[in-house]
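Below you'll find the structure, written out as structure tokens, and then a few comments.
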Amino acid sequence: MASTSSLAFSSKTTYDVFLSFRGIDTRHNFASHLHAALCRKNITTFMDDVLERGEGISPALMKAIEESKISVVIFSENYASSRWCLDELVKIIDCKERMGLRVFPIFYHVDPSDVRKQTGKFGEAFGKVKEKFKHNLDVVEKWSIALTEAGNLSGWVPSINRPESQLCDEVADKILKKLYLRSYVESKGLVGIDSLVEKLIEAKDVRIIGIWGMGGIGKTTIAEVLVSRISNQFDSFCFLRNVREKSEKYGLVDLRKSFFSELLGIEIRNLEMLSVVPTFIKDSLNRKKVLAVLDDVNDPEQLEALAVNDDDCFGSESKIILISRDKQVLKQVVSSDKNIHEVKGLDCSDALQLLSMKAFQQKHPPAEYIELSERVQTYCKGVPLALKVLGSYLCKRTPEEWESASTKLKRFPDCKITKVLKISYNALDRTEKSIFLDIACFFKGYYKSWVKDLLDDWAIIRLMDQCLITIVHGKLEMHDLIVEMGQDIARRKGNRLWISTDICQMLATNDNKAKKVVEGLFLDISTIGRVYLNPAVFSRMHNLRLLKFYWSSWLKTEGTGFIFESSGSDCLKSLPYKLRLLHWEEFPFKSLPLNFFAENLVHLIMPNSKVEQLWNGDKVTFTYISVFVAIFSLYNFIN
């Protein structure tokens, strides 16, 4: 088994995949279809259709196996009747043990247990070879051991009810994913993390490892670098990000389904019980060498739901890496404090280098910036996130602008890192600040393509340039420290509301000044119980742009929701003119207000509502984009 931080492949890697198969059985059907599927994915594949066969495996074939990253073995009924195939398999298993070659079996109309035990018709075919070589028991034993080991590997069993072409595409996709994991290239901007990464690599016999530290200190980055160096040693891999956020937003059951689906490479739907893991999942994972990273865990219940400490669920050679700000959570499952690794701030040299990389795109600051850089680096106290954000803000700034920023920092000598982040916020223009707060309070995790219709696309690009947001798989993402800073600013301003108690208090108050400043309001109705509202509740919210009333849970309690005060009206009195998003689930009226002119409306989403017509009139003014998106959204959500 590979034991180093990177796989000990041959110095020359020629092929992505080596195909091993019995030509008479599968060359002109399944093997050729699989070869074509791999080629369509631009996966370089060795398929033996040119080498001359002899008594034993040829040096050219041995070389091809050694120079491959992955081997796919197609076990057909007569596979074990060929000494050539058996010698190939012995070589493949040897490379798996010595060099980390990944091996995927396909049991083509063969039961995996027959391969493991050499029974059934597969065993009968093997028996003929055993009889022929009964005087060479050492060779026969090597064949038998190789078959047993290969039969224990996780692979594919084709179904008669499923087209073979579909299976070939699935195999090609899985292999492409594994090859992608092998091609990680670490960013040149990473500084000061090698020593801890190497320490984690050395803990190869530890099944559960904890990475602990404050927000923004670089825990996730260290885990990503670690994974890039060791993931090839494992059969299955899952990097589950934002565990805390996902468990709060979607629940532990959904988190559990996502985790096991990713590890097994299949969609798991029925997994409602949190206290037990189905036998088929345990059996599948026990046959795998699994690498799992759980990022931002903050509750022991999350670890229990994901069976982290279940010795029967994960094999002894599997490894689980937990990332958390809470050391007590890690202590629940990590065997010893020595296996909980604290991530501390960068030392002065590394911190200065990271700041310089962000501000000047070089390892050391120019001479005229050395003193200024050292002052900023001292202020950031070795926190990578602060160094990155402030370095990006100061990029291409004059020494005078650096001096001004440094002077501002001096006013808050004891402030926390959020003060550093706020300097970047203060540098934004009015529109950029507004959109930053919208994302921090409401749209983190939303698809950029959807949000940009509501907000300013150019401002989103500017926020990316300032390292305040990133785009991950098309979604807007923001570091927790930056989210907290943005939400703290919005909370002080009182212009964006997302906490249920704050919203209910505002809706119930007669303070028109408080209502007038509100620009965004997202309320989870499932958390509020029963709330009485006046149909004229929005008449003073002239600046409201974003309105969303939604249910995060479909397990609704009777009596939960809005109760509109009796006023003899069957409609809202008004809606704000500036509204760009109107998302109201179970809207209780048959029509929107008569006086609502929706020039600014972009998204109109009203699932499960009582709306029979949008307006009690025929005089409505839209922009072209509002008409299109509003009707499109309405159609998708109420049909």
If you line up the long axis of helix 219-230 against the longest principal axis of the chain, both from Cα atoms, how many degrees apart are they, to the nearest 10?
-> 20 degrees
Cα gyration tensor shape of the stretch 330-447, rounded if a/c is under 1.5, else prolate or oblate by comparing a/b with b/c | oblate
So how long is each side of the chain along the principal axes, counting just the alpha-carbon atoms, biggest first, in Å?
-> 97, 68, 46
At what distance in angstrom do the alpha carbon centres of the stretch 322-366 and the stretch 70-102 lie from each other?
-> 43 Å
Phi-derived 3J(HN,Hα) across the stretch 68-83 with the Karplus relation (6.51, -1.76, 1.60, θ = phi - 60°), rounded Hz, x for Gly and Pro, is 10, 8, 9, 10, 10, 10, 9, 7, 9, 4, 9, 4, 7, 8, 9, 4
What ranking do 204-211, 171-178, 267-274 get when scored by the average of other Cβ atoms within 10 Å per residue, highest first?
-> 204-211, 171-178, 267-274
Taking the chain as the reference, fit the longest principal axis to its C-alpha atoms, fit the long axis of helix 30-40 to the helix C-alpha atoms, and give the angle between the two in degrees, 0 to 90, nearest 10.
-> 40 degrees
Once normalised by the length of the stretch 195-342, the mean sequence separation of its alpha carbon contacts under 8 Å that are 6 or more apart gives a contact order in percent of 36 percent
Cβ-defined net charge surrounding His473, 11 Å radius [Lys, Arg +1; Asp, Glu -1] | +2
Relative contact order of the chain, pairs being alpha-carbon contacts under 8 Å that are 6 or more residues apart, as % = 7 percent
Share (percent) of C-alpha pair distances in the stretch 292-366 greater than 14 Å works out to 68 percent
Would you mind checking the tilt of helix 252-264 against the longest principal axis of the Cα atoms of the chain, expressed as 0 to 90 degrees and rounded to 10?
-> 30 degrees
Across the stretch 478-483, in residue order, what do the Karplus-derived ³J(HN,Hα) couplings come to in whole Hz, using 6.51 cos²θ - 1.76 cosθ + 1.60 with θ = phi - 60° and x for Gly and Pro?
-> 8, 4, 4, 4, 6, 4
First check a/c for the stretch 348-403, with a ≥ b ≥ c the square roots of the eigenvalues of its C-alpha gyration tensor; if it is under 1.5, answer rounded, and if not, answer prolate when a/b is larger than b/c or oblate otherwise.
-> rounded
Estimated 222 nm signal from helices in the chain, with DSSP H stretches of n ≥ 4 weighted -39500 (n - 2.57), rounded to 500 | -13000 deg cm²/dmol
Evaluated over the stretch 430-489, the Cα radius of gyration and Dmax, each in Å = 10.0, 28
In whole angstrom, the spacing between the Cα centers of the stretch 192-249 and the stretch 488-522 equals 39 Å
Sort the stretch 74-198 into rounded, prolate or oblate with this rule: let a ≥ b ≥ c be the square roots of the eigenvalues of the Cα gyration tensor; rounded if a/c is under 1.5, and if a/c is not under 1.5, prolate when a/b is larger than b/c, oblate otherwise.
-> oblate
With a 10 Å Cβ neighbour count serving as the proxy for reagent exposure, in which order, fewest first, do Met214, Met606 appear?
-> Met214, Met606
If you average the sequence gap of Cα pairs under 8 Å that are 6 or more apart and divide by the length of the stretch 348-403, what percent do you get for the contact order?
-> 43 percent
Report the dimensions of the stretch 195-342 along its three principal axes from the alpha-carbon atoms, largest first, rounded to Å.
-> 42, 32, 24
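Only the coordinates and a few stated rules stand behind these numbers; no lab work does. In this text the structure is predicted, and so the values were computed from the model without any measurement. In this analysis, Cβ positions are derived from the backbone assuming ideal geometry, glycine residues included, and neighbour counts consider all displayed protein chains.
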